[in-house]
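Bear in mind that the values in this text are calculations on the coordinates, not laboratory data. These figures come from a predicted structure and were not determined experimentally. Don't worry about glycine lacking a Cβ; one is built from the backbone with ideal geometry, like all the others, and counts go over all protein chains shown.
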Amino acid sequence: MPLWRNPESIAPMTKVALNTIALSVVTAIGCTPALCWAHALDDQLDCQLSAHAFIKPLLDSRDIDPMPMRVEANSVNAFRPMHDSHLTAFGYRVDAVLGYEQGDSIFKQGSGKPIAKSGYGVVVFGPSDTVKAKVRDAGSDAVVREIVPLLLTVVFCSGP
């Protein structure tokens, strides 16, 4: 009699195979690239760096596009994360990296008065109350502001 007709002979093997497949699927789902290989920016958002010191390593590692996607009138440059960079801040995915340092060629000058001599930060996908709590728990005194309710929040440091 063929094995496939005798359920008792294949049941132990099928159970092991199904458990192995299930474990593989759970591991793959739980270990998406954004979580397993994320580049967390938490430590750099302690507001102890200059904008240059924050942005330059991200440019060098090609985590952000070197051309700002937007330059505000106050000279804050918004850089888009590269598709495969998986940047996070305080557990949230980064939508944009912000920065400006006066006299630094990395940054483009806006049409108005610069926000500060140096400033940097990120825009994350997350509700401002939760993001703010995580920022404070990490010991950072960064400014945390809601951009889009329950969706986008900015974490910004004025340079040292």
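Here are a few things to note about the model shown:
- Net lengthening on full extension, His39/Asp84 (0.36 nm per residue, minus Cα-Cα): 15.2 nm
- Order by protection proxy (mean Cβ within 10 Å, highest first), peptides 55-65, 104-114: 55-65, 104-114
- Inter-site label distance for Ile147 and Gln48 at 7 Å from Cα along Cβ, in nm: 2.7
- Label-point gap, in nm, between Ser61 and Ser105 - each point 7 angstrom along Cα→Cβ: 2.4
- The magnitude of the dipole of the range 39-158, with charges of +1 and -1 set on the Cβ of Lys/Arg and Asp/Glu and taken from the Cα centre, is near 300 debye.
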